[in-house]
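K.L.:
Pasting a structure here, questions to come.
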Amino acid sequence: MKKYSLTIILLLLSSVALSQGTADNVKSAGYLRAQWHPIHFYPAIDSATNNQCLSCHQEITQRKVSTKSVAGVATESTLAWYQTLSTYDGPQETFHRRHLETPLAKELMNLKCTTCHQGWNPRQAAQIPPDLNNTRFTLRKQVNPEICLMCHGDNSYQIMGLPSPWQESREMFQDNCLLCHAAIRTTRHQVNYLNAEAIEAAGKDNSDVCFGCHGGRKWYRIAYPYPRHAWDGMAKEIPDWAKDRPTESEARFRQDRKQAQK
């Protein structure tokens, strides 16, 4: 039996839906056409705005958390994992609202839909059933887990020279990250998905602002290899753990993006 590509199948489904003419089929055909809108592909996805994305996906910022867990525990009577640090204020919120709409997100972050989502190319969607001989396909939404780790990676206290994890040694350092970092690795947060000045100001008042993204809200036990940007007074000798680290952020995350992409 001849195998048709996903592209041909989608086009055939779209044609059938249009020919049927019923409300449901026309709606389905519109969805299929939307999948192939240029905004989901390069180069358009690279400059897509939140307003453009949310014009179709507005439901992600309108959803509400459940009032009870599956076990019947009331949401308002328990803390979610992201609420365990002093920097998060207010009731539980949904995933996308925590990253786009909450006061903490608006103060310290500058996340865009395209920071995490770089489109959804139907030609790259994983097949059902999966083809174990072809691993070039990706799962739906195509979010690279490394994007999550940029703010939810584990904190390697050994690399930082701490005697123990920050939770245990913070009092030894006066609960102040800037006690050391006022002079060490001072070129930081210079990426377009963070509000660098706000982070620096907030970190002076509350070390949880720093710890929240550097181990306090870690996503599993995986560390993110942050680029090691040069700073004034940096030693010329590179430590072993940093020899394979990049010295610049990925081009699309740099603040002067146009210059970075030249």
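The values are calculated or read from the model by the stated rules, or taken from the named source; none is laboratory data. None of the values given here were measured: they were computed from a predicted structure. Cβ coordinates were reconstructed from backbone atoms using ideal geometry, including for glycine residues, and neighbour counts include every protein chain displayed.
K.L.:
Kindly indicate whether Ser249 is in contact (Cβ under 8 Å) with a residue 12 or more places away in the chain, of a type in the set (S, T, N, Q) and outside any loop (DSSP other than H, G, I, E, B).
P.N.:
So Ser249 fails the test.
A quick yes/no check of all residues on (1) over 20 Å from the mean Cα position of the chain (by Cα); (2) under 20 Å from Asn110 (Cα atoms); (3) modelled with pLDDT of 95 or more:
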{"position": "Asp154", "(1), (2), (3)": "no, no, no"}
{"position": "Arg170", "(1), (2), (3)": "yes, no, yes"}
{"position": "Arg185", "(1), (2), (3)": "yes, no, no"}
{"position": "Asp208", "(1), (2), (3)": "no, yes, yes"}
{"position": "Asp240", "(1), (2), (3)": "yes, no, no"}
{"position": "Arg252", "(1), (2), (3)": "no, yes, no"}
{"position": "Gln259", "(1), (2), (3)": "yes, yes, no"}
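K.L.:
Same structure again: When you go through Gly215, Gly203 one by one, which is the residue that is outside any loop (DSSP other than H, G, I, E, B) and in contact with a strand residue (DSSP E or B) (Cβ under 7 Å, 6 or more places away or on another chain)?
P.N.:
Only one candidate passes the filter, namely Gly215.
K.L.:
Based on what the data block shows, is Ser169 touching a residue at least 12 places away in the same chain (Cβ under 8 Å), in contact with a strand residue (DSSP E or B) (Cβ under 6 Å, 6 or more places away or on another chain), among the polar types (S, T, N, Q) and surrounded by 12 or more Cβ atoms within 10 Å (Cβ to Cβ)?
P.N.:
no
K.L.:
Right, Lys2: in a loop (DSSP other than H, G, I, E, B), more than 27 Å from Gly212 (Cβ to Cβ), out of contact with any Gly (no Cβ under 9 Å at 6 or more places or on another chain) and at pLDDT below 90 or not?
P.N.:
yes
K.L.:
Could we say that Gly72 is part of a helix (DSSP H, G or I), free of Cβ contacts under 8 Å to residues at least 12 places away in the same chain and not acidic (Asp, Glu) here?
P.N.:
no
K.L.:
A follow-up question, please. Of everything in segment 81-110, what is closer than 16 Å to Lys64 by Cα, of a type in the set (A, V, I, L, M, F, W, C) and surrounded by 15 or more Cβ atoms within 10 Å (Cβ to Cβ)? Give them in sequence order. Steps first, please.
P.N.:
Start the filter on segment 81-110 by keeping residues that are closer than 16 Å to Lys64 by Cα, which leaves 90-102.
Now drop any that are not of a type in the set (A, V, I, L, M, F, W, C), which leaves 95, 100.
If the condition is that a residue be closer than 16 Å to Lys64 by Cα, of a type in the set (A, V, I, L, M, F, W, C) and surrounded by 15 or more Cβ atoms within 10 Å (Cβ to Cβ), then Leu100 is the only one that fits.
K.L.:
Does Asp89 qualify as being in contact (Cβ under 8 Å) with a residue 40 or more places away in the chain and either part of a helix (DSSP H, G or I) or of a type outside the set (S, T, N, Q) (or both)? Quick ask: steps written out before the conclusion?
P.N.:
Values: in contact (Cβ under 8 Å) with a residue 40 or more places away in the chain: no; either part of a helix (DSSP H, G or I) or of a type outside the set (S, T, N, Q) (or both): yes.
In short, no.
K.L.:
Now, a different point. What are the pairs with Cβ atoms under 6 angstrom where one residue, in segment 33-52, is within 15 Å of Cys116 (Cβ to Cβ) and the other, located anywhere, is part of a helix (DSSP H, G or I)? Sequence gap at least six, or different chains.
P.N.:
Ala48/Ile39; Ala48/Thr114; Asn50/Cys113
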